[in-house]
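Here, each number is a calculation from the coordinates, and none is a lab measurement. From a predicted model like this one, the values you see are computed outputs, not experimental measurements. Positions of Cβ are backbone-derived with ideal geometry, glycine not excepted, and every protein chain shown enters the neighbour counts.
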Amino acid sequence: MPKISNFTVQISTFAHVVFGQQTTDPNEVDALNRLINYWNLRDKLNITNDPCIQNATWANEKANPRVACDCSGNTCHITHLKIYALDISGEIPSELFVLKELMDLNLGQNLLNGSIPAEIEQLSNMQYLSLGINNFTGPVPPELGNLTKLIVLLSTISKSFSSNNFIGSLPTSLGKLTSLQELYFDSSGVSGPIPQELANLKSLQILWASDNLFTGKLPDFFGTLTELRTLRFQGTLLEGPIPSSFSALSKLEDLRIGDLSGEDSSLEFLRDQTNLSILILRNCLLSRQIPDQLGDFSNLKELDLSFNKLSGQIPNSFQDLASLQYLYLGSNNLSGQLPGNIIGPNLIAIDVSFNPLSGILPQNFLKVGLSINVVGTSINPNNLQDQVFWTFEEFVLHNSSSKPTSIAESFSVKCGGTDQTSASGVRYEGDFESMGAASLFTSSENLWAVSNTGNFISNPNGPQYRVETGSQISGTLDSELYKTARISPSSLRYYGLGLKNGRYSVELHFAEIGMDDSQSWKGLGRRLFDIYIQGEVVLKDFNIKQEAGGSKKALIKKFDANVTNTIMDIHFFWAGKGTCCIPYQGTYGPLVSAIHVSQVSDGTGSSERDKKRVGKLVGVSVACVAGLVIISSVFYLWWIKKDSPKHMRIYTDSPRK
């Protein structure tokens with residue numbers, strides 16, 4: 001670890017009373033000033049006298065950098081140090097560990113690197129520690145387990161040691177932190193089994209653990225941590241089932257589990273979690289029926305059970321979910337009719353796409369501001385009256401119940417932007433409408449459609465499903481083509497409609513314009529998502545910035561695919577991986593700039609294997625507002641494997657595991 005030298009102490013360290021106040025430990029004063037110089041903070045924290053003087057501006061709780069002290073004894077000691085989001089770099093120097101009375105240390109959202117020194121155990125009075133969103137490497141030091149006074153292994157938004165580049169397993173010594181109430185290690189790089197010793201953290205209330213390479217089964221012992229209010233395990237390598245012991249977690253308010261492999265899970269553990277506000281069990285191999293008792297969860301605002309194997313009917317008890325705003329049940333095996341009574345007073349979006357549901361869309365679904373997606377169902381929306389007014393943004397095809405005529409040989413989309421023609425002469429049709437949290441839009445000529453599912457929770461910029469930049473995009477003659485993009489927090493799909501059957505070339509255009517690659521903590525974000533074409537995975541854990549060599553750099557990925565039923569399905573899917581909160585909360589999920597699909601003129605026809613898929617797609621997306629014109633939608637696509645069960649497995653390969 002570095003040793004700071006060549007510094008002349010600027011403060012007289014002899015003991016005397018200044019304005020009736022004790023002086024600060026001279027060793028701490030010396031160490032603090034060395035830290036200030038090492039991290040080039042003199043212009044922000046130019047302490048030229050005792051750092052613990054009364055009413056110092058840098059001691060204010062909102063100050064950054066912040067230095068605060070405890071002067072209750074004969075000598076003042078530095079107890080709080082915050083250097084937050086100021087892009088300090090370098091390793092943690094040994095001078096930090098001279099400040100042995102530190103209770104609150106926040107070095108989050110910077111560019112610190114190297115390993116966390118074992119000497120951190122010397123800060124034995126530490127209660128609040130944040131090292132998140134940095135470039136730390138190496139293993140998580142087991143010496144952290146000796147900080148037994150820790151209450152929160154975080155401070156402010158830069159959580160604990162989240163968003164770093166550690167290697168190896170979590171140390172078993174973390175089980176000694178029995179006073180710990182909050183622990184955040186999402187996107188930290190750790191791997192391997194979750195230590196059984198974490199079962200000792202009986203005071204734990206918040207645990208974020210998503211986007212890590214954890215292996216083995218989802219631990220049963222988490223069901224014994226009955227103080228838990230928030231639990232997140234998305235985008236790991238963990239296996240199901242979800243343990244039945246989770247039924248004891250009656251204080252849960254936010255539960256997010258996703259992307260499990262292994263055995264199927266059921267929802268039987270959901271019994272007494274009536275405090276839940278957010279329940280996301282997405283892509284978890286959930287099977288069986290949705291239990292009626294979910295209707296008792298009166299605090300639920302978001303319920304996401306999508307991309308599972310749930311069967312049976314949607315419970316009528318959902319009518320009692322008066323607080324519900326977002327309901328996602330897509331890509332399951334739910335059958336029967338859509339209950340008309342599940343539209344509550346606060347519902348904003350409902351997605352039941354890709355389920356064998358049938359019947360007529362209930363009239364009360366024509367609610368002002370409601371966004372609906374029934375793509376991939378047999379629900380008939382034709383009962384909608386011509387006098388119903390819909391927002392122009394909410395779109396789609398023109399009331400046809402048959403497949404589009406198979407005449408097209410190509411389609412091109414400028415995702416999130418207006419019409420553009422490339423340098424090579426390709427005309428990209430604009431896709432600039434405002435999409436909602438469960439939306440479907442088709443082009444004016446019915447050549448393509450796009451659907452979005454998902455809600456950016458806690459995004460300070462509100463519900464946005466497109467992103468743009470004014471910066472130039474390098475590596476291309478078509479910079480304008482990449483300055484806008486579609487984004488999604490969950491599932492973004494583009495469909496080519498009415499295509500001639502045959503072999504097609506698929507060009508996907510990308511440029512990372514939502515995350516920086518600057519020499520700042522804002523450049524530490526990682527966007528990962530999966531891409532499926534015609535139900536087959538073509539890219540797993542795709543990282544635009546990494547493959548393009550930086551942000552705002554053009555990247556084209558090319559693939560071949562067969563069309564056998566006049567429809568092309570291109571699916572961008574977030575599987576819980578990548579950072580969630582850099583440069584701000586809700587920065588994650590798939591992003592695409594443009595799509596160009598054209599038939600290959602090599603005479604290649606569909607193979608026998610390709611003939612296994614046929615299907616239909618039905619969709620409607622509505623948001624009713626008086627004064628705007630009606631646009632209705634119906635179109636068909638339903639992927640069904642030849643060997644699928646009789647009740648119809650609508651999702652063949654992606655992304656259900």
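Going by neighbour counts of Cβ atoms within 10 Å, the residues V537, V375, V67, V467 line up, fewest first, as V537, V467, V67, V375.
Distant-in-sequence amide contacts of A594, defined by a placed amide H-H separation under 5 Å and a gap of 5 or more residues or a different chain, comprise C415, H509. Inter-part distance, segment 508-576 to segment 302-360, computed on C-alpha centroids, equals 29 Å. On a per residue basis, the convex hull of the C-alpha atoms belonging to segment 443-532 measures out at 158 Å³. Given q = 0.24 Å⁻¹, what are the Debye log10 I(q)/I(0) values for segment 489-532, with equal point scatterers placed on the Cα positions and solvent ignored? Values returned for q = 0.24 Å⁻¹ are -1.05.
Here the alpha carbons of segment 106-194 define both size measures, Rg and Dmax, at 11.6, 30 Å. Remark: T566, T172, T442 ranked as T172, T566, T442, counting other beta-carbon atoms within 10 Å and listing the fewest first.
Among the GluC sites (Glu not before Pro) in segment 198-280, those placed in a DSSP loop whose Cβ has at most 15 other Cβ atoms within 10 Å are E227, E263, E268. In order along segment 131-140, the phi-based Karplus estimate (6.51 cos²θ - 1.76 cosθ + 1.60, θ = phi - 60°) of 3J(HN,Hα) comes to 10, x, 6, 9, 10, 5, 10, x, x, 5 Hz; Gly and Pro are listed as x.
Restriction of the chymotrypsin sites (Phe, Trp or Tyr not before Pro) in segment 213-286 to DSSP coil positions whose beta-carbon has at most 16 other beta-carbons within 10 angstrom yields no sites.
Annotation: average projected area of segment 201-328 is 6.8 square nanometres, based on the convex hull of Cα atoms across all directions.
Separation of segment 81-99 and segment 101-139, taken as the distance between their Cα centroids, equals 8 angstrom. Neighbour counts of C-beta atoms inside 10 Å place Y588, Y532 in the sequence Y532, Y588, starting with the fewest.
Reported value for segment 93-149: 72 Å³ per residue, from the convex hull of its C-alpha atoms. Between the beta carbons of S277 and Y584, assuming R0 = 25 Å, the FRET efficiency works out to 0.70 to the nearest 0.05. Our coupling estimate for segment 434-442, obtained by passing each phi through the Karplus curve with A = 6.51, B = -1.76, C = 1.60 and θ = phi - 60°, is 6, 8, x, 7, 7, 10, 9, 9, 10 Hz, Gly and Pro reported as x. For segment 524-538, putting each phi into the Karplus relation 6.51 cos²θ - 1.76 cosθ + 1.60 with θ = phi - 60° gives couplings of 8, x, 10, 9, 10, 7, 10, 10, 10, 10, 6, x, 10, 5, 10 Hz, in residue order, rounded to whole numbers and with x for Gly and Pro.
Close amide-amide hydrogen proximity is noted between Y465 and M435, each under 5 Å apart and 5 or more residues distant or on a separate chain (H modeled in the peptide plane; Pro and chain starts excluded).
The label point for R427 and the one for S244, both projected 7 Å from the Cα toward the Cβ, are 6.3 nm apart.
Cα convex hull of segment 410-612: mean projected area in nm², to one decimal? That works out to 11.2 nm², a quarter of the Cα hull's surface.
With Cα atoms as the point set, segment 61-321 shows a radius of gyration and Dmax of 20.2, 71 Å.
For S518 and T137, the difference between the fully extended length at 0.36 nm per residue and the C-alpha to C-alpha distance is 135.2 nm. Would segment 181-274 count as rounded, prolate or oblate if I go by the C-alpha gyration tensor, calling it rounded below 1.5 in a/c and otherwise prolate when a/b exceeds b/c, oblate otherwise? Oblate is the answer for segment 181-274, as a/c is 1.5 or above yet b/c matches or exceeds a/b.
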